[in-house]
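Rule-based calculations on the coordinates, nothing more; no lab input. Quick caveat: nothing in here was measured; it's all calculated off a predicted structure. Heads up, the Cβs are rebuilt from the backbone with ideal geometry, glycines too, and the neighbour counts pull from every protein chain shown.
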Amino acid sequence: MKNQKKISAISQLWLADKKQYVKKSTISAYMLLVKNHLQPSFGNNYQISEEEVQAFVFKKLDEGLSKKTIMDILIVLKMILKYGAKQNLLQYEPFEIRYPTDQKGQQLEVFTRTDQKKIMNYVQEHFTFRNLGIYLCLTTGLRIGEVCALTWEDINTETGLISVNKTIQRIYTMENNIGKTELIIDSPKTKNSVREIPMNRELLRMLKSVKKIVNASFFVLTNEIKSTEPRTYRNYYKSFVDNLGVPHLKFHSLRHTFATRCIESNCDYKTVSVLLGHSNISTTLNLYVHPNAEQKKKAINQMFKSLN
């Protein structure tokens, strides 16, 4: 092949092409995967065999990467290779990768009901804007980027609804071959992430009086024109749970806890999926719906009753 190029060169051409069509945050994620994983392993290659990709997968598993992360990396790799083949820069042969059997099911970190009540009661008794953000995530399922981007105009105490329409994230960019990071406010993760979430009675009571005196354009977590970024707020959350004496679960566990309590309360799965802003209901089912032994027995009994 006359115009054959190295994977490193094809990757840059592909990124430049993709930049025209995808969000800034998406191209940032692609750039990081290329820089940190694909470039070191395949950058000098002109072709990539299935055996090389399989060895790459085992290497990344040994390094502690999750199967999900590795699969995301391979999706990018396939897009690059297909782009290269389309431009007649390499020959692409589809590969089929195998993963070791996962012996352990996915375990979500969720606060117990006791610890959840402890957090909620503490925030009500020690109201600060930063504490409020933790309460919001625990009672609405907001992601950390969404709560950091929330402004007072997004909270309607008349209708009792919170409008989720933006997110804050720090992304990786490249200018003049120099990498740097940039904090951006963008539309949420997917179109389904743009949503309205009802507030519970206690949250509405907390915010009604506050809403009357705040500037609508200010960010909720700072009550200022300037926002706080997820990394900074995550650090605050760590000190919050340490001081309160509850288990040191990840920030995202606030969202997991909200979803789990919804499922435990027999909320219908479609509604829970919409509240969480999932792109489809299967994501909700795979993460949160795991029938216990009692539910399984009930299903078997109902099935045999129908035969009588």
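Among K35, K211, K298, whose mean-square fluctuation peaks in a Gaussian network model of the chain (Cα, cutoff 10 Å)? Looking only at K35, K211, K298, the largest GNM fluctuation is found for K298.
When the Cα gyration tensor is reduced to axis lengths a ≥ b ≥ c, the ratio a/c is 1.5 or higher for region 7-86, and with a/b not above b/c it is classed as oblate.
Please name whichever of L142, N266, P94 sits farthest to the positive end of the charge dipole of the chain, dipole taken about the Cα centre and charges placed at Cβ: Lys and Arg +1, Asp and Glu -1. Among L142, N266, P94, the one farthest towards the positive end of the dipole of the chain is N266. Sort out for me the Cα centre separation of region 115-143 from region 183-257, rounded to whole Å. Taking the Cα centre of region 183-257 as reference, the centre of region 115-143 is 9 Å away.
Using only side-chain charges placed at the Cβ, +1 for Lys and Arg and -1 for Asp and Glu, the dipole size of region 15-147 relative to its Cα centre rounds to 500 debye. Exposure proxy ranking for I75, I213, I10, I197, based on other Cβ atoms within 10 angstrom of each Cβ and starting from the fewest, stands as I213, I75, I197, I10. Take the Cα of N44, step 7 Å toward its Cβ, do the same at N165, and the gap between the two points is 5.2 nm. In terms of its C-alpha gyration tensor, region 113-288 has a rounded overall shape, because the principal axis ratio a/c (a ≥ b ≥ c, square roots of the eigenvalues) stays below 1.5. Put the Cα centre of region 151-172 next to the Cα centre of region 1-51 and the gap is 35 Å.
Cβ distances below 4.7 Å define possible disulfide partners, and in the chain the cysteines left without one are C137, C148.
Of all DSSP beta bridges confined to the chain, the antiparallel ones make up roughly 100%. Here the 3J(HN,Hα) profile of region 255-272, calculated from phi with Karplus coefficients 6.51, -1.76 and 1.60 at θ = phi - 60°, is 5, 4, 5, 4, 5, 5, 5, 4, 5, 5, 8, 6, 5, 5, 5, 5, 5, 4 Hz, Gly and Pro shown as x.
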